[in-house]
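Student: First the structure, then my questions, so here it is.
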Amino acid sequence: MTDEARPAALAAVFDGPAAGLRLQALPLPAPAPREVLVRIVAATVCGSDVHTVRGVRTEPTPSILGHEGVGLVEISRRPGVEPGHLVTFAICDVCGSCDRCATGLSQKCRALMKYGHSTLSSGCGLNGCYSTHLLLRAGTHIVRLPPGLAANPPLAAPANCALATVMCAARAVQTHLAAAPRTRALVQGAGLLGLFACAVLRDELRFEHVFCSDTVAERRAMAGRFGARPLEPCQLDEDAGGNPPMADSFDCVIEVCGTPKVFPSGLRCLRPGGCYILVGLVHPQSQLEVTGQQLIRKCATVAGVHNYAAADLDRAVAYLERVCQDNTYPLQDLLSPAFALEQIQVAVDRSGDFYRALIRP
């Protein structure tokens, strides 16, 4: 077969912030054992990708960005994964045998490869979701979409990032609170992770009351539609007399806003013995204003959550299927109208207008 006749994928290639995104044809690979070639049917624009395109964070180039997506299996060399299956997948490919994988921290595997964060020279090059095709490697956890999600694949596109990360954070809350009461929880930030966190804290961890703070009124209102009581951040601050109105109020606080200035008020609001889970502060400008005495006197647990393990993705898909069937939350309102792959730059530029900009390659 000539090069001109050989099947090819079309990908949006990122060459760096100054160059932006360009379309390029890439040859389709022949999958090796346990590898799976999927055609991307829906992808969403994560904030980390926007930061990369704008130069806020640095990633190796040239590369194909995008890690949130749903794929239709075209070629599979993995038992149990068949052509025609609609699947989601872990954003990390792992070895499964190093010390970190063996102790349940596979997202920090010593041989880690992250989709949407690897160069064209890594493997076949089809490593990101802003493409018509993606090659899922041998160590990538793959989950077939159940019927409710398979009927509406775009709803599942962010599940392998935002929702699975929230499931990992929820698991951390369960671990640190153990048998302690779960009465009141606070979520700091009403972006997509924050909305998912509000819902999961109520539905899965059975908190009686979930509060959500955000500086944007529209997002606070959306948090109310996901089961939370909306708060303005100033409602958590000290009043004119120096008295914090919600001091010692919450069993757990989950930060998903990426703003370090929320930490002091979050810690004040945490009850003694509570846990503070940090998720969004995964950037260099994240210096915290805290003393050791504050943590010690409050007997507080502060834990960081970055990405997730395979079981968290399983739980995310199962949970999303349930809430889709019950029509519990306005999930469709979280997505933009669909952009074509040829409109990828527009989708990235307009991503701030939506909880998730949707790409339909």
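Student: Look at ARG315 and say whether it is within 25 Å of ASP93 (Cβ to Cβ) and either of a type in the set (Lys, Arg) or modelled with pLDDT under 95 (or both).
Tutor: yes
Student: Test ALA32 against the stated conditions and say whether it is within 25 Å of ALA138 (Cβ to Cβ), within 18 Å of the chain's Cα centre (by Cα) and among the aliphatic types (A, V, I, L, M).
Tutor: No, not satisfied.
Student: Condition first: free of Cβ contacts under 8 Å to residues at least 40 places away in the same chain, assigned to a helix (DSSP H, G or I) and under 21 Å from the mean Cα position of the chain (by Cα). Now tell me which residues in segment 176-217 satisfy that.
Tutor: PHE196, CYS198, ARG202
Student: From the list ARG360, ARG356, ARG350, ARG315, exactly one residue is basic (Lys, Arg) and without any contact (Cβ under 8 Å) to a residue 40 or more places away in the chain. Which is it?
Tutor: That would be ARG350, the only listed residue that is basic (Lys, Arg) and without any contact (Cβ under 8 Å) to a residue 40 or more places away in the chain.
Student: Can you tell me which residue among CYS109, CYS98 is hydrophobic (A, V, I, L, M, F, W, C) and either over 25 Å from ALA162 (Cβ atoms) or at pLDDT below 95 (or both)?
Tutor: After applying the criteria, what remains is CYS98.
Student: Additional query: Can you name every one of the strands (runs of 3 or more DSSP E) wholly within segment 1-114 that holds 3 or more residues which are closer than 22 Å to PRO158 by Cα?
Tutor: So the answer is 8-14, 36-44, 68-76, 86-93.
Student: Looking only at segment 67-81, decide whether some residue is on the phi > 0 side of the Ramachandran plot, exposed (fewer than 15 other Cβ atoms within 10 Å of the Cβ) and at pLDDT below 95.
Tutor: So far as segment 67-81 goes, no, none of its residues is on the phi > 0 side of the Ramachandran plot, exposed (fewer than 15 other Cβ atoms within 10 Å of the Cβ) and at pLDDT below 95.
Student: Could you figure out which of (1) over 20 Å from THR301 (Cα atoms); (2) without any contact (Cβ under 8 Å) to a residue 60 or more places away in the chain isn't true of MET222?
Tutor: (2)
Student: Right, here's the next one. Taking segment 142-175 as the region of interest, how many residues are among the charged types (D, E, K, R) and assigned to a strand (DSSP E or B)?
Tutor: The qualifying residues number 1.
Student: Does ARG171 satisfy being touching a Leu at 6+ places or on another chain (Cβ under 9 Å) and modelled with pLDDT of 95 or more?
Tutor: no
Student: Kindly establish whether GLU289 is charged (D, E, K, R), touching a residue at least 24 places away in the same chain (Cβ under 8 Å) and farther than 27 Å from VAL323 by Cα.
Tutor: Taking the combined requirement at face value, the residue satisfies it.
Student: Mind listing whichever residues of segment 211-259 are small (Gly, Ala, Ser), in contact with a Lys or Arg (Cβ under 6 Å, 6 or more places away or on another chain) and modelled with pLDDT under 90?
Tutor: ALA247
Student: Which of the residues that make up segment 115-141 are part of a loop (DSSP other than H, G, I, E, B) and either of a type in the set (Ser, Thr, Tyr) or touching a helix residue (DSSP H, G or I) at 6+ places or on another chain (Cβ under 7 Å) (or both)?
Tutor: Within segment 115-141, TYR115, GLY116, SER118, SER121, SER122, TYR130, THR132 qualify.
The values are calculated or read from the model by the stated rules, or taken from the named source; none is laboratory data. Because the structure is predicted, anything quoted here is derived from the model rather than measured. Neighbour counts run over all protein chains shown; Cβ positions are idealised from the backbone, glycine included.
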